[in-house]
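Here, each number is a calculation from the coordinates, and none is a lab measurement. Everything numeric in this text was worked out from a predicted model, so none of it was measured. Here Cβ is always computed from backbone atoms with ideal geometry, including for glycine, and neighbour counts include all displayed protein chains.
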Amino acid sequence: MAAGTWDFGDTEVGRIGYGAMRLTGNGMRGNSDGPPVDRGAAVRLLHQAFDGGVNHVDTAAFYFSPLRSANELVGRALASWRGEVAVATKVGPSRDAAGEWQGMARPDRLRGQVEENLRQLGRDHLDLVYLRCVGADTPSVAEHLGVLAALREEGLIRHLGLSAVRPEHVVEALGVAPLVAVQNAYGLDERRADANGLIDLCGARGLAFVPFFAISGTRREAAATAETDARVRAVAAAHDATPAQIRLAWTLHRAPHVLAIPGTRDPAHLAQNIAAASIRLTPAELQLLNSPPTEA
């Protein structure tokens, strides 16, 4: 909790959460981190995160590989954990049994997706459900969000959010139902959410902005590589930290409503991600990191 907390409506979460996608051992665009972790090891890893103060897990029913489902692993970990953990998931896109993407679901299919998440996670309600848009040209979110708003009224969902959207989608959605969070790609190398004003819009409307790919940036789901940015390496050396920790710290310094959900299968990396919440960057370091990148 060293980086502080933020509220998803009436649910307080630490600003460092955990993204469950990498637990499956299979990236969403065909990239792979290798074989999936053992189920017992995955549960122990998630419990390590919870022990470290993480109380926000991000997952989705479409995070799966031939042998593992992120929701199944998260559900197992929650079933044997006594503390409170907020679970965020996403609906909209879907994949068939072979893993092929099926595009954006019709509004009348969203109930089934919500119920599938509930079943896989072993829960009677979902803390936060993002409507995840598919493609940059999604014209409107109103009809889809209206379905989710009705499920919220039924008690299946506590809070709503949007993912992979533009600022105009947020404005439109707020006319349909209350939101608590927006989730888009954002990081030191991926700043479209700054350029189009999305982060500032979220702050002005009291919404959390939850970046994905805060560490990997434009590499997205690809496996980690050696840091090549001289700015990041220099700041990491000054703090005796890893480059990934500096990238997370930079993200958290953006604004109090900006969170992070780094994912990993490595217990050591998990501990480092949590510790990044304690890193305080100086104004000079932030100026350096915000300057044009240089190769190491």
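Only DSSP H runs of four or more residues enter the estimate; each adds -39500 (n - 2.57), and after division by the residues of the chain the mean residue ellipticity at 222 nm equals -10000 deg cm²/dmol.
By the equivalent-ellipsoid construction on the alpha carbon gyration tensor, the range 91-149 comes out with semi-axes of 19, 16, 9 Å, ordered largest to smallest. Expressed to the nearest 5 percent, the antiparallel share of DSSP beta bridges inside the range 156-296 is 20 percent. Packing, as the average of other Cβ atoms within 10 Å across residues, places the peptides 160-172, 38-50 in the order 160-172, 38-50, highest first. Only Lys, Arg, Asp and Glu carry charge here, each on its Cβ (+1 for the first two, -1 for the last two); on that basis the range 168-267 has a dipole of about 100 debye about its Cα centre.
The peptide list 270-278, 151-159, put in order of mean Cβ contacts within 10 Å with the highest first, becomes 270-278, 151-159. Most simply put, the range 70-201 has about 20% antiparallel DSSP beta bridges, counting only bridges with both residues inside it.
A Cβ-based charge dipole, computed about the Cα centre of the range 110-166 with Lys and Arg at +1 and Asp and Glu at -1, lands at about 140 debye.
Working ranking of peptides 140-147, 67-74 by packing, defined as the average number of other Cβ atoms within 10 Å per residue, highest first, is 67-74, 140-147. Against the chain, whose longest principal axis comes from its Cα atoms, helix 39-51 is set at around 70 degrees. Principal-axis analysis of the Cα atoms of the chain puts helix 243-253 at an angle of about 70° to the longest axis.
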